[in-house]
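Below you'll find the structure, written out as structure tokens, and then a few comments.
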Amino acid sequence: MFSCKLNPEAANQQESAVKDRLSMLDQPVAVVLAKDGEQKLVGEGEFRLDPEGPDKLLAVLPAVSERNLGSSSFRLDHGLEYNYIAGAMANGIGSEEIVIAMGKAGMLGFFGSGGLHPRRVEEAILRIQSELKDGECYGFNLLHNPFEPTIEEQTVDMYHRYGIHRVSAAAYLGLTKYIVHYRLKGLHRDSNGQVVAKNHVFAKVSRSEVARKFMAPAPQKMVDELLQEGKITEEEAELSQWIPMAQDITAEADSGGHTDNRPLVTLLPTFLTLRDQAMAEFKYNCEIRVGAAGGISTPQSVACAFAMGADYVVTGSVNQGTLEAGTSDYVREALTRIEPHDVGMAPAADMFEMGVELQVLQKGSMFAMRARKLYQLYQDYKSIEEIPAAERQKVEKQIFQKSLDEVWKETETFFLDRDPEQITKAQVDSKHKMALIFRWYLGKSSIWAIQGVENRRMDYQIWAGPSMGAFNEWTRGSFLQDVKERKVVQIARNLLYGTAYLNRLNQLKALEFPLGAELSRIEPKEIV
């Protein structure tokens, strides 16, 4: 269509007209071949199927909708308009405001309960439930912490008490009795004899062996223990073997926070194969669905996920930079400036002793380097007392900015309120006491960033993946470059619109329709 005989200005005008036509996603368009041999796009009603006419019909591109991306059963089961989730960012970064905005827009947001005191989580439950109407979807994070199992148990009991029917299960290395209790509570048969689960688990995992456990029924041993303890009924125990532990499995690729840095192009197909195997083995009546997370931040990455077979997508890093995120203005501004290579790995507070790492922003912060130093000391010594005096003075001055004795007093007060068993263990296990002291820094560093504590900026722990840099590049020069315009629903709608547009563009490519650079460019725009 864009003949070299045309001058550049005329060619640009033609390409712009084609783009306008292509952008009307709710209207079908026809691809026709003119007598002069050039292909054209015409709208519905502008082309008549006339064998004797001047143009030949090559194809009709149907209307497309952002609402049709992904699994229809996912939307139906959860009462959603879009297969799009704002993931749970810990310490309340995945805020009440994000959850409420997403719920009102026909999407799903998870509150970031991880790392918060149960009292703070309870406050979030009451507010979200008061502002969202019946049918507007929401969920809460259920973060596994092998070193504080009491918190996981208390959180599950709270979710049962308040009727929280959707949880994002994260950081699980295997199943626990608490997540099994959450899933099984309320199991029953409907009038047609089908097993119905009240509580839905969205398992966010990156390893095949963990995915298999969530795709299988609850382990019989754990079911028997829960039944013996009176936590579930005979009916719930019997029905537990008819459903998977999680019907929605999220393949978490290279993301901010906890991550194994897996590439999505290999992780998602692997999980889809595991899903097919589980469906064949266990013969479920319900469908296991697989979503994609990690690296989801541009229309191209969303389109790639859906094209590979994802039933839904989950965003994370891009939501932390939104106005609704529970973080400081400094963090929001910092996130607008990063590039994909400005992130790196550092020890995680909740699994410090195991050497588990998470992905953070390295540009402008010394957190990653200092956290690695503490982990090295933890590996080298059995107690705080074994650390050489010069080394201890250095970490007190440069990292903690107070004596380790003062840090321990604060740590003791914290855990006596949150989980007293940790202090009891530390009194007889000097290595555990050292871990709790070092975890003070790892825990505080994320709080300093959230609160914007100015004299601690070099210690900010800001969770982010390479996707944040890709998002910045995509939005450069558009209204979304401005941090004040970054609203969670506006970002979601632009990503979904851009994906639908790309799908239509790919149909044109398959027809060998000549495409210029302007057609392939997807600029963010204000979507009401």
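State which residue pairs qualify: first residue free of Cβ contacts under 8 Å to residues at least 40 places away in the same chain and inside the stretch 232-254, second residue buried (at least 21 other Cβ atoms within 10 Å of the Cβ) and part of a loop (DSSP other than H, G, I, E, B) in any location, beta carbons under 9 Å apart, and separation of 6 or more residues or different chains.
Taking only residues 6 or more apart or on different chains, the pairs are 233/187; 238/187; 241/218.
List every residue pair whose Cβ atoms lie under 7 Å apart, where the two residues are 6 or more positions apart in sequence or sit on different chains, the first residue falls within the stretch 491-518 and is closer than 8 Å to residue 299 by Cα, and the second residue, located anywhere, is among the hydroxyl-bearing types (Ser, Thr, Tyr) and not in a helix (DSSP H, G or I).
Between residues of the stretch 491-518 that are closer than 8 Å to residue 299 by Cα and residues that are among the hydroxyl-bearing types (Ser, Thr, Tyr) and not in a helix (DSSP H, G or I), the close pairs are 496/82; 496/84.
Taking interchain pairs and intrachain pairs at least six residues apart, which have beta carbon atoms under 7 angstrom, with the first residue in the stretch 167-194 and closer than 24 Å to residue 291 by Cα and the second in a helix (DSSP H, G or I) and aromatic (Phe, Trp, Tyr)?
Cβ pairs passing all conditions: 167/159; 167/182; 182/159.
Based on what the data block shows, is residue 306 touching a helix residue (DSSP H, G or I) at 6+ places or on another chain (Cβ under 8 Å) and modelled with pLDDT of 95 or more?
Details: touching a helix residue (DSSP H, G or I) at 6+ places or on another chain (Cβ under 8 Å): yes; modelled with pLDDT of 95 or more: yes.
For residue 306, the condition - touching a helix residue (DSSP H, G or I) at 6+ places or on another chain (Cβ under 8 Å) and modelled with pLDDT of 95 or more - is met.
Pick from the stretch 404-422 the residues that are modelled with pLDDT of 95 or more and of a type in the set (A, V, I, L, M, F, W, C): which of them is nearest to residue 389 (Cα to Cα)?
The residue in question is 404.
Pairs under 7 Å by beta carbon, first residue on the phi > 0 side of the Ramachandran plot in the stretch 121-132, partner surrounded by 15 or more Cβ atoms within 10 Å (Cβ to Cβ) and not in a helix (DSSP H, G or I), six or more apart or different chains?
none
Can you work out which of the residues in the stretch 115-156 that are closer than 23 Å to residue 351 by Cα and among the acidic types (Asp, Glu) is surrounded by the most Cβ atoms within 10 Å (Cβ to Cβ)?
The selected residue is 152.
Please verify whether the stretch 442-449 includes one or more residues that are within 25 Å of residue 362 (Cα to Cα), free of Cβ contacts under 8 Å to residues at least 24 places away in the same chain and either buried (at least 16 other Cβ atoms within 10 Å of the Cβ) or not assigned by TED's automatic domain parsing to the domain that holds residue 148 (or both). Step through it out loud before you land on a result.
Restricting attention to the stretch 442-449, the residues satisfying the condition of being within 25 Å of residue 362 (Cα to Cα) are 442-449.
Subset that is free of Cβ contacts under 8 Å to residues at least 24 places away in the same chain: 444, 448.
Subsequent filtering for residues that are either buried (at least 16 other Cβ atoms within 10 Å of the Cβ) or not assigned by TED's automatic domain parsing to the domain that holds residue 148 (or both) retains 444, 448.
Within the stretch 442-449, one or more residues are within 25 Å of residue 362 (Cα to Cα), free of Cβ contacts under 8 Å to residues at least 24 places away in the same chain and either buried (at least 16 other Cβ atoms within 10 Å of the Cβ) or not assigned by TED's automatic domain parsing to the domain that holds residue 148 (or both).
Among the numbered criteria (1) under 30 Å from residue 475 (Cα atoms); (2) outside any helix (DSSP H, G or I), which single criterion is violated by residue 350?
(1)
Return yes when residue 200 is surrounded by fewer than 21 Cβ atoms within 10 Å (Cβ to Cβ) and within 24 Å of residue 312 (Cα to Cα) and no when it is not. Full working, then the answer.
Details: surrounded by fewer than 21 Cβ atoms within 10 Å (Cβ to Cβ): yes; within 24 Å of residue 312 (Cα to Cα): yes.
Answer is yes for this residue.
Please give the number of the condition residue 385 fails out of (1) free of Cβ contacts under 8 Å to residues at least 24 places away in the same chain; (2) among the acidic types (Asp, Glu); (3) more than 28 Å from residue 453 (Cα to Cα).
(1)
Failed condition for residue 310, given (1) crowded, with 17+ Cβ neighbours inside 10 Å; (2) touching a Leu at 6+ places or on another chain (Cβ under 9 Å); (3) not assigned by TED's automatic domain parsing to the domain that holds residue 149; (4) not in a helix (DSSP H, G or I), with all others met?
Looking at each condition in turn, residue 310 falls short on (3).
On the basis of being buried (at least 21 other Cβ atoms within 10 Å of the Cβ) and either part of a helix (DSSP H, G or I) or at pLDDT below 95 (or both), does residue 390 make the cut?
Numbers: buried (at least 21 other Cβ atoms within 10 Å of the Cβ): no; either part of a helix (DSSP H, G or I) or at pLDDT below 95 (or both): yes.
No.
Matching residues to (1) of a type outside the set (A, V, I, L, M, F, W, C); (2) within 21 Å of residue 436 (Cα to Cα):
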position	(1), (2)
135	yes, no
139	yes, no
143	no, yes
146	yes, yes
156	no, no
166	yes, no
169	no, no
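Can you tell me which residue in the stretch 273-293 is surrounded by the most Cβ atoms within 10 Å (Cβ to Cβ), limited to those that are touching a residue at least 60 places away in the same chain (Cβ under 8 Å) and of a type in the set (Gly, Ala, Ser)?
Filtering first and then ranking leaves 293.
Filter the stretch 161-188 down to the residues that are surrounded by fewer than 17 Cβ atoms within 10 Å (Cβ to Cβ) and part of a helix (DSSP H, G or I) and list them by number.
Matches in the stretch 161-188: 161, 162.
Here is a list: 243, 296. Which entry is β-branched (Val, Ile, Thr), buried (at least 24 other Cβ atoms within 10 Å of the Cβ) and on the phi < 0 side of the Ramachandran plot?
Details: 243 fails: buried (at least 24 other Cβ atoms within 10 Å of the Cβ).
Matching residue, one of 243, 296: 296.
Filter the helices (runs of 4 or more DSSP H) completely within the stretch 48-133 down to those with at least 3 residues that are within 30 Å of residue 501 (Cα to Cα).
Working: elements: 72-78, 96-104, 118-131.
So the answer is 72-78, 96-104.
The values are calculated or read from the model by the stated rules, or taken from the named source; none is laboratory data. Every value quoted in this text rests on a predicted model; they were computed, and no experiment measured them. Glycine also receives a Cβ, built like all others from the backbone with ideal geometry; neighbour counts cover every protein chain displayed.
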